[in-house]
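Please read the structure below before turning to the comments.
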Amino acid sequence: MKEFNYIIIGGGCAGLSLAYELDIHEKLKDKTLAIIEPRSEYKKDKTWSFWKVTPHNFDDCIKKSWENFSINIPGKTNFLECKNYPYQSIDSGLFYEKINNRLKENKNIFFFKDIKEINPKNSFIFNSVPHIKKNHLNLWQHFCGVEIETKNNFFDEEIFNLMDFDCEQRNSVHFFYTLPYSKNKALVETTWLSKMNDNSQKNYDQQIKDYIEKHLKIQDYEITYKEEGAIPLFYPSYEKENNKINIGTAGGMTRLSTGYTFLNIQEHSKFIRENIENISTATRFEINKKYQFLDDIFLRVLNKHPEKMPDIFFNMFKTSPKTVIKFLSNKSNYLEDLSIILRMPKMTFIKALFY
């Protein structure tokens, strides 16, 4: 059985981002790489969105970029700007096509459907498949989104709605999210932050239909695409192993308070590329400990007081949008962190330290 210098388990966002980063910086000129991915074809299956706080390799995969956004709770709407850090949405279909076209040209990169097809014994492994233990106490961000096309122009394509809490909460945290790609095309998504133990929350199709027709007041539309997913708002189990590094969600690259992962994956890929010659002894790359600590408290409050979260999110954005975006994207300094913390209900968060 064939051996390889490197193996990437999982050819999704994290695995392909790493392979691309290594390839474009010529780290595979005299090294071989096997990518283990069971899917038979790559097609659009996800939408990755984030605030562009750092450069990345995929500007040509951006479906749309916005410099204005809104957040609202019943009876109140806050309109905000994000010119310094535009919000970007990546089409996974374009992402897969760009990377796979590039990787196919490298004779040192091979794809396999199962790791049993090769000998991994002497390889360095990058694993993007998380090991998640089922636990009814764990919180998840679970969602379903549809892209719709309306007969008439309806949307203001210059502004997106980050969070609309004007919807039923069902003893959890629930909001809708709307990304207008043009005047008559948009992604509309229902998002829950919960333990996923209430099946009534999963009637996504009905939720979206009601929101589009009763809230947005759109009657004449066509659904052109649908996606569904669940992001763990906890770190998957991680055991240090020789010659193996976890990447993506498996490697703790998801920011737990937000679910944002894409840019963290890109930074991790860059770190691995810069340290690839000594990767077995490199320090572990992780999201800054201060964010891990603050997210832990934040999620304790969310778990204990879901009814308070719409106001907490709304008030967070009353400080400078630039500051909030940097905080949510792991780029804030301590003064900026403090300005966010001061917007929080202090006693609620202090008590959360002792839950």
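The values are calculated or read from the model by the stated rules, or taken from the named source; none is laboratory data. Keep in mind the model is a prediction, meaning the values are calculated, not measured. So basically every Cβ, Gly included, is an ideal-geometry build from the backbone, and we count neighbours across all protein chains shown. Ligands, DNA and RNA are stripped out before the accessible areas are found, and what is left, the full protein with its side chains, is counted by its heavy atoms. Shrake-Rupley method; radii C 1.70, N 1.55, O 1.52, S 1.80 Å.
Tabulated values for the structure
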{"item": "Sparsely packed trypsin sites (Lys or Arg not before Pro) within the stretch 286-340, loop by DSSP, other Cβ within 10 Å at most 13", "result": "Lys318"}
{"item": "The chain, accessible area per residue, ligands and nucleic acids excluded (1.4 Å, Å²)", "result": "49"}
{"item": "The chain, accessible surface, carbon-and-sulfur percent (1.4 angstrom probe)", "result": "49"}
{"item": "Rg/Rg_ref, the stretch 77-186, where Rg_ref = 2.2 N^0.38 Å and atoms are Cα", "result": "1.60"}
{"item": "Rounded, prolate or oblate (a/c below 1.5 giving rounded, otherwise prolate when a/b exceeds b/c) for the stretch 1-103 by Cα gyration tensor", "result": "prolate"}
{"item": "Net length gained if the chain between Asn333 and Thr283 were fully extended (0.36 nm per residue, minus Cα distance)", "result": "15.7 nm"}
{"item": "Label point distance in nm, Thr77-Glu239, each placed 7 Å from Cα along Cα→Cβ", "result": "5.2"}
{"item": "Lys pairs, the stretch 235-328 - Cα-Cα below 24 angstrom, 8 or more residues apart or on other chains", "result": "21"}
{"item": "Label point distance in nm, Leu137-Asp59, each placed 7 Å from Cα along Cα→Cβ", "result": "4.7"}
{"item": "Additional length obtainable on full extension of the chain from Lys351 to Asn171, 0.36 nm per residue less Cα span", "result": "62.8 nm"}
{"item": "Computed over the chain: relative contact order in percent, which uses C-alpha pairs under 8 Å that are six or more apart", "result": "20"}
{"item": "Net lengthening on full extension, Glu149/Lys290 (0.36 nm per residue, minus Cα-Cα)", "result": "46.6 nm"}
{"item": "Net charge, Asn72 excluded, C-beta distance under 12 Å - Lys, Arg +1, Asp, Glu -1", "result": "-2"}
{"item": "24 Å Cα-Cα reach of Lys44 towards lysines, excluding residues that sit fewer than 8 places from it in its own chain", "result": "Lys52, Lys63, Lys64, Lys98, Lys104, Lys113, Lys151, Lys183, Lys185, Lys202, Lys209, Lys226"}
{"item": "Nearest-0.05 FRET efficiency for Asn5 and Ser182, computed from C-beta distance (R0 45 Å)", "result": "0.50"}
{"item": "Positive minus negative residues near Ile109 (Lys, Arg vs Asp, Glu; Cβ under 11 Å)", "result": "+2"}
{"item": "q = 0.14 Å⁻¹, the stretch 138-251: log10 I(q)/I(0) [Debye, one scatterer per Cα]", "result": "-0.64"}
{"item": "Approximate spin-label separation Gln219-Lys44, in nm, with each point projected 7 Å along Cα-to-Cβ", "result": "2.8"}
{"item": "Share of Cα-Cα pairs in the stretch 281-355 lying beyond 14 Å, as whole percent", "result": "63"}
{"item": "FRET E, pair Glu157, Glu117, Förster distance 51 Å, beta-carbon r, rounded to 0.05", "result": "0.65"}
{"item": "Principal axes of the chain: Cα extent on each, largest first, Å", "result": "63, 52, 40"}
